[in-house]
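Here the structure is laid out as structure tokens; the discussion comes afterwards.
Taken together, the values in this text are just the output of simple stated rules run on the coordinates, not laboratory data. Everything numeric here is computed off the predicted structure, so don't read it as measured data. Counting neighbours? That spans all protein chains shown, and the Cβs are built from the backbone with ideal geometry, glycine included.
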């Protein structure tokens with residue numbers, strides 16, 4: 001059942017620099033999880049900024065309605081797909097990773113670029129259903145999760161992983177973690193700098209922040225435009241670049257910021273941009289063999305584009321030290 005209309009608020013100026021924005025997309029609908037409403041994205045008019053944002057955006061009190069059918073509510077975390085599509089994707093995704101020499105990058109990505117960091121205490125902010133925390137625990141990390149969604153957090157508990165249910169600021173700890181990670185979280189929040197300041201508060205001295213987020217300057221965004229999977233209205237409120245992520249981290253008090261892009265997620269972007277006709281008709285994720293083939297060819301194309309332009313990867317990575 002589709003949720004009621006989502007209450008909104010005006011969000012007219014750039015979050016990072018305060019400049020006005022120009023409309024880049026109008027009347028977008030949620031073709032992935034079926035949240036109600038039509039949505040508009042703006043882009044900062046300052047060429048040195050380039051933040052993309054939702055205006056109007058869901059209010060904090062209403063934004064939960066955009067997550068009623070979200071993937072973290074499904075323990076299997078699998079979109080609906082035909083058996084043939086599942087088999088073809090398994091073969092082609094592995095083939096593309098091997099052909100392009102991305103196995104090492106995929107391993108680094110899967111462990112949040114912490115393969116050269118000695119395991120210690122790790123907090124994942126916005127941990128979803130705990131899949132990543134379980135992976136990090138298997139690599140030797142002492143893991144804790146934070147999540148505001150009670151349905152998702154219950155899946156984490158079933159994995160015997162400690163999880164704090166509630167906003168990050170309500171965690172009764174400070175300076176206890178060696179690493180704080182956020183994977184595709186910062187684009188969902190109304191106040192990214194405050195979020196990063198709270199992460200800073202949770203870290204030990206010289207602790208490390210690592211985050212992943214869609215890249216507003218990616219090849220996929222340029223190619224697919226309004227159909228780019230990274231937009232995901234109305235859940236993605238702000239979209240950033242490497243340059244703007246560094247500025248956010250500086251504002252939050254971090255030092256030694258380093259940001260880059262990765263092409264490793266291009267297969268999923270190509271597969272989901274745009275979603276299949278079946279998904280658009282029914283209002284849910286549905287993957288066809290045609291989508292899978294598009295993902296394969298897009299992964300190949302995006303990789304060679306990335307070789308020429310290192311800022312064109314589908315995701316930005318930020319590492320910053322307290």
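What ranking of 127, 242 emerges when the number of other C-beta atoms within 10 Å of each C-beta is taken as an exposure proxy, fewest first? Before the final figure, lay out each step's value.
Details: 127 29, 242 20.
So the residues, fewest neighbours to most, are 242, 127.
Which of 218, 115, 96 ends up with the largest GNM mean-square fluctuation for the chain, with Cα atoms connected below 10 Å?
115
Among 21-32, 223-234, 153-164, how do they line up from the highest to the lowest mean number of other beta-carbon atoms within 10 Å?
Order by mean packing, descending: 223-234, 153-164, 21-32.
Can you bin segment 82-134 into rounded, prolate or oblate? Criterion: square roots of the alpha carbon gyration tensor eigenvalues sorted a ≥ b ≥ c, rounded for a/c under 1.5, prolate for a/b above b/c, oblate for the rest. Write down the numbers at each step before the final one.
Working: a/c = 4.44, a/b = 1.57, b/c = 2.83.
Oblate is the answer for segment 82-134, as a/c is 1.5 or above yet b/c matches or exceeds a/b.
Only Cα pairs under 8 Å and at least 6 apart count here; give the relative contact order of the chain as a rounded whole percent. Write out the running numbers ahead of the final one.
On the way: 671 pairs, mean separation 62.8, N = 322.
It rounds to 20 percent for the chain.
Once you order the gyration tensor axes a ≥ b ≥ c over the Cα atoms, which shape class does segment 90-187 get: rounded for a/c under 1.5, otherwise prolate or oblate by comparing a/b with b/c?
Values: a/c = 2.30, a/b = 1.70, b/c = 1.35.
Note, shape of segment 90-187 comes out prolate.
Calculate the translational D of segment 107-157 in whole µm² s⁻¹ from Stokes-Einstein, where the hydrodynamic radius comes from the Kirkwood formula applied to all Cα pairs, the temperature is 20 °C and the viscosity 1.002 mPa s. Before the final figure, lay out each step's value.
Values: Rh = 11.2 Å.
Value of D from the Cα-based Kirkwood radius: 192 µm²/s.
For segment 187-240, state the average projected area of the convex hull of the C-alpha atoms over all orientations, rounded to one decimal in nm².
Numbers: hull surface 17.3 nm².
Taking a quarter of the hull surface, the average projection is 4.3 nm².
Given the convex hull over the Cα atoms of segment 2-146, what projected area results after averaging over all orientations, in nm²?
Values: hull surface 50.2 nm².
Averaged projected hull area, Cα only: 12.6 nm².
How big is the chain on each of its three principal axes, counting only the C-alpha atoms and giving the largest first in Å?
That works out to 49, 44, 43 Å along the principal axes.
Please state the shape class of segment 167-322: rounded when a/c is under 1.5, otherwise prolate if a/b exceeds b/c and oblate if not, all from the C-alpha gyration tensor.
Working: a/c = 2.62, a/b = 1.76, b/c = 1.49.
In terms of gyration-tensor shape, prolate.
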